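Just below is one structure, and these are the notes that go with it.
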Amino acid sequence: MPLEADDHNPMMPYQLPFPPDAQDEIVVNAAIPDDERIWVPQTETVSFRPLCLNRSQGYWMNLLRVRQSGVLSRHRHPLPVHGFVLKGRWHYLEHDWVATEGSYVFEPPGETHTLVVPEDVDEMITYFQVNGAMIYVDPYGKVMGYEDVFTKIDMCRKHYAEVGLGEDYADQFIR
Ligand code: FE
């Protein structure tokens, strides 16, 4: 690794092609969109905005939005989750801490939790990286359903077709 002083052309861009098998980057300029159609509804109060639907590595990056003191149903994570709260406030029924605007949260594999947005918060938006799957369970761990990057891609395609953006609107987020 050369020191900065050894680089005679620090402002010269990299001159070689990227690896031929490398994927394209994703740039989402209005990550919190003005167009309501971009939010994919999940329930009456919960929706998500895809950013990267990574089918090759089995994870998804998205903004989760909850309105009107909604609840994200109890679920288990077999793989880690990273979250950054952009707006509002939420907590899990299973923990005594509160994630406030500006908070970063790491959720280790093995977590089972129920996300609740309190009544005095009109809108909560959190940036989440969810790896692998979310396994929806009853209070005693009985499996009720699941989500993974493929069910997310499906939901996006169906929703974008319905709202007139076209199902291939989802393609820009898929890697
Ligand atoms: Fe979760």
Task: Length-normalised contact order of the chain in % [C-alpha pairs under 8 Å, at least 6 apart] - done: 23 percent
TODO: Sort 39-49, 86-96 for me by packing, meaning the mean count of neighbouring Cβ atoms within 10 Å per residue, highest on top.
DONE: 39-49, 86-96
Task: 0 to 90° range, to nearest 10: angle between helix 149-162 axis and the chain longest Cα axis - done: 80 degrees
- [ ] Based on the mean of other Cβ atoms within 10 Å per residue, sort peptides 54-64, 9-19, 158-168 so the most packed one is first.
- [x] 54-64, 158-168, 9-19
Open item on the list: Helix-only mean residue ellipticity at 222 nm, the chain, DSSP H runs n ≥ 4 weighted -39,500 (n - 2.57), per residue, nearest 500. What is it?
Closed with: -2500 deg cm²/dmol
- [ ] With a ≥ b ≥ c taken as the square roots of the eigenvalues of the C-alpha gyration tensor of the chain, please select rounded if a/c is under 1.5 and otherwise prolate if a/b is larger than b/c or oblate if it is not?
- [x] prolate
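Taken together, the values in this text are just the output of simple stated rules run on the coordinates, not laboratory data. Computed from a prediction, not measured in an experiment: that's the story for all the values here. Every residue, glycine as well, gets a Cβ built from its backbone with ideal geometry; the counts of neighbours run over all protein chains shown.
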